[in-house]
Amino acid sequence: MAIANNARAVREMGSMAQEATALDRSMTPLTSNELERSLADKMKSFYDDPLGFVMFAYPWGEPGTELELESGPDDHQKQFLIDLGKEVKSRGFNGTDPVMPILMTATSGHGTGKSVMGAWIANWILSTRPDSIGTVAAGTFAQLESRTWAAIQHWTKLCITGHWFHIQARGVYHNLRPKTWKIVAQTCKEENAQAFAGQHARTSTSWYMFDEASLVPDKVWTVAQGGLTDGEPMFFAWGQPERNTGRFYEINFGNQEHRWNHRMIDSRDSRFTNKPLIEQDIAEYGIDSDYVRVRIRGLPPVASELQFIDRARILAAQQREVVTFADDPLIAGFDPSGGGAAWNVVRFRRGLDARSIPPLRIPGEQTRDRSALLAKLADILHEQRPELKVAVMFVDSAYGAPYVERLHTLGFSNVVEVNFGSPSPDRHQANMRAYMWNLVKEWLPHGAIPADDEKLALDLGGPGAHIRPNGQLVLESKESMQKRGLASPDDGDALALTFAQPVAPLTPPEPRDEEEEFSYGQYSYRSGQGSWMR
């Protein structure tokens, strides 16, 4: 172990004078091996005390660290950890005979520290249970990568036992026993459900953690249950209850509720949340709206699902075969970036086909000089090959107005500016953005999108929605999504722009007087007879 780790361990453990352990500062300095043994013994004392572990393992209040101004978990997190310790004690696992699984869940509003608490629990299990094996998943890949797994990586580095483990992009492994003592991150697509099978730790703990669990497919839950049959198994699930159906709903509000230790956390009661912003949302949406119920109060929506476009539609569109007609026009949607993390995206759709032509995607920070992007747009509009000739390009006016003006100057009259906030052509939608996205939702049960375009799939499933008292659909804003930790749905908006206005079918070729015959596979068409024949 490195000297820096020795020094840190001595400092951390030495501060626990009230424990009267062998690590008190007043004792003779310990050798590296003695320190490691003492640290391992200390971890054993936290086997059924996760709160004690959290208070000991991280440098709370220590000057010069990022936790210098922090005192530890908030009240809700403390209670969860205390209850977890009680669950461990009540089972009394002896290292051999299997016990009933610990099943703990929480529904909560946004920003209550769920991902961080998940990281603490992951470190507690790793540090106190040799040969434990865990799988961590989240409802979306973006949530898993940017929040859930990122929190585990970050807090493991801060943890006093962090030097015991090797932190990788998709796993945390013990330095000496990486195959049997580990955590792995796993995406939860339904077709990958079997990746959650076969996890066992007969003499230790096999465990699962689902963040934003409302969006985890039921099939994944079912497969994961197979890893709870031996040892001291554990299952943790939490998130915003975005649906009033599915396994996460059932374990918190339905017929599986009695099997789980569950609680509901209101964002207004959390130490970490922005209280003025919460009050603003309540004033805008109403205390009983589905938006406030899910995002703030931790309650399920009254409507069938807060997520506007459900995952089933998206998955079906990813797997559907492409079907087009010869006269379907090619339509382009351009969602320009205002810079920063947002992307400039051009997506293409020909009838039911939004798959065959790949999108143009350029990071916002690379387009401070607009001339390069303008040249690419001009290249797209110049294309004359029938399969690539764009009939109309619709452009978001928020950052796209300068591009529209310049393209018109260059002679491209088929470029149309679209204001997302303008009135909807259909009175049932609150604005143009809701109108276009509603058309995307109606199109998806028949359309085709790329099977491997995870960004588009995440974007389409990202925004929530609610209905105003006057019956109008309101789509969740980009700003609101970003508050929830979701990226700007640039690809989703670009596809939605292809539905801004109806575009007439392509003009068929002029009919010829003489009779002509065309063939397609085993079929032929004779113009004089006006029918297809085999």
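The values are calculated or read from the model by the stated rules, or taken from the named source; none is laboratory data. Remember, predicted model here, so these are calculated numbers, not experimental data. Here the Cβ is made from the backbone with ideal geometry for all residues, glycine too, and neighbour counts use every protein chain on show. Calculation scope for accessible area: heavy atoms of the full protein, side chains included, ligands and nucleic acids excluded. Shrake-Rupley method; radii C 1.70, N 1.55, O 1.52, S 1.80 Å.
It is to be established whether one or more residues within the stretch 379-394 are open to solvent by less than 50 Å² (accessible area, probe 1.4 Å), within 14 Å of Val346 (Cα to Cα), among the aliphatic types (A, V, I, L, M) and not in a strand (DSSP E or B). The answer is yes, given that some residue of the stretch 379-394 is open to solvent by less than 50 Å² (accessible area, probe 1.4 Å), within 14 Å of Val346 (Cα to Cα), among the aliphatic types (A, V, I, L, M) and not in a strand (DSSP E or B).
A search for C-beta distances below 8 Å between a residue of the stretch 435-456 that is without any contact (Cβ under 8 Å) to a residue 40 or more places away in the chain and at positive phi and any residue that is of a type in the set (Ser, Thr, Tyr) and part of a loop (DSSP other than H, G, I, E, B), counting only pairs 6+ apart in sequence or on different chains, returns nothing. Only one of the listed residues (Ala312, Ala317, Ala283) is among the small types (Gly, Ala, Ser), over 22 Å from Tyr435 (Cα atoms) and either surrounded by fewer than 21 Cβ atoms within 10 Å (Cβ to Cβ) or modelled with pLDDT of 90 or more (or both). That residue is Ala283.
State all residues of the stretch 37-50 that are small (Gly, Ala, Ser) and outside any loop (DSSP other than H, G, I, E, B); if no residue qualifies, say none. Working first, answer last.
Going through the stretch 37-50, the residues small (Gly, Ala, Ser) turn out to be 38, 40, 45.
Matches in the stretch 37-50: Ser38, Ala40.
From Ile167, Ile183, grab the single residue that is modelled with pLDDT of 95 or more and farther than 29 Å from Asp97 by Cβ. Full working, then the answer.
Working: Ile183 fails: farther than 29 Å from Asp97 by Cβ.
The match here is Ile167.
In the stretch 51-61, of all residues being free of Cβ contacts under 8 Å to residues at least 40 places away in the same chain and either assigned to a loop (DSSP other than H, G, I, E, B) or within 27 Å of the chain's Cα centre (by Cα) (or both), the one that is surrounded by the most Cβ atoms within 10 Å (Cβ to Cβ) corresponds to Trp60. Tell me yes or no: at least one residue of the stretch 464-478 is open to solvent by less than 30 Å² (accessible area, probe 1.4 Å), assigned to a loop (DSSP other than H, G, I, E, B) and in contact (Cβ under 8 Å) with a residue 12 or more places away in the chain. Yes, the stretch 464-478 contains a residue that is open to solvent by less than 30 Å² (accessible area, probe 1.4 Å), assigned to a loop (DSSP other than H, G, I, E, B) and in contact (Cβ under 8 Å) with a residue 12 or more places away in the chain.
Scanning the stretch 177-236 for residues that are over 23 Å from Arg91 (Cβ atoms), assigned to a loop (DSSP other than H, G, I, E, B) and of a type in the set (S, T, N, Q) turns up Gln186, Thr187. Scanning the stretch 68-103 for residues that are open to solvent by 10 Å² or more (accessible area, probe 1.4 Å), in a loop (DSSP other than H, G, I, E, B), within 22 Å of Lys114 (Cβ to Cβ) and not small (Gly, Ala, Ser) gives Leu69, Glu70, Pro101. When Ala106, Ala122 are checked against the criterion of being buried (at least 18 other Cβ atoms within 10 Å of the Cβ) and either modelled with pLDDT under 95 or assigned to a helix (DSSP H, G or I) (or both), a single residue qualifies: Ala122.
Of everything in the stretch 80-124, what is within 24 Å of Glu257 (Cβ to Cβ) and charged (D, E, K, R)? Give them in sequence order. If the condition is that a residue be within 24 Å of Glu257 (Cβ to Cβ) and charged (D, E, K, R), then Asp83, Lys86, Glu87, Lys89, Arg91, Lys114 are the ones that fit. Taking the conditions (1) within 24 Å of the chain's Cα centre (by Cα); (2) within 17 Å of Gly231 (Cα to Cα); (3) open to solvent by 20 Å² or more (accessible area, probe 1.4 Å) in turn, Ser115 satisfies each one other than (2).
How many residues are crowded, with 21+ Cβ neighbours inside 10 Å and either outside any strand (DSSP E or B) or basic (Lys, Arg) (or both) when one looks only at the stretch 407-424?
First, the residues of the stretch 407-424 that are crowded, with 21+ Cβ neighbours inside 10 Å: 407, 415, 418, 420.
Those still in the list that are either outside any strand (DSSP E or B) or basic (Lys, Arg) (or both) too: 407, 420.
Residues flagged as crowded, with 21+ Cβ neighbours inside 10 Å and either outside any strand (DSSP E or B) or basic (Lys, Arg) (or both) within the stretch 407-424 amount to 2.
Scanning the stretch 425-450 for residues that are among the aliphatic types (A, V, I, L, M) and assigned to a helix (DSSP H, G or I) gives Met432, Ala434, Met436, Leu439, Val440.
Within the stretch 118-141, count every residue that is among the β-branched types (Val, Ile, Thr) and within 20 Å of the chain's Cα centre (by Cα). Steps first, please.
First pass over the stretch 118-141, keeping only residues among the β-branched types (Val, Ile, Thr): 121, 125, 128, 133, 135-136, 140.
From what is left, the residues that are within 20 Å of the chain's Cα centre (by Cα) are 135-136, 140.
So the answer is 3.
Of all the numbered requirements in (1) among the aliphatic types (A, V, I, L, M); (2) surrounded by 14 or more Cβ atoms within 10 Å (Cβ to Cβ); (3) more than 28 Å from the chain's Cα centre (by Cα), Ala398 misses one, and that requirement is (3).
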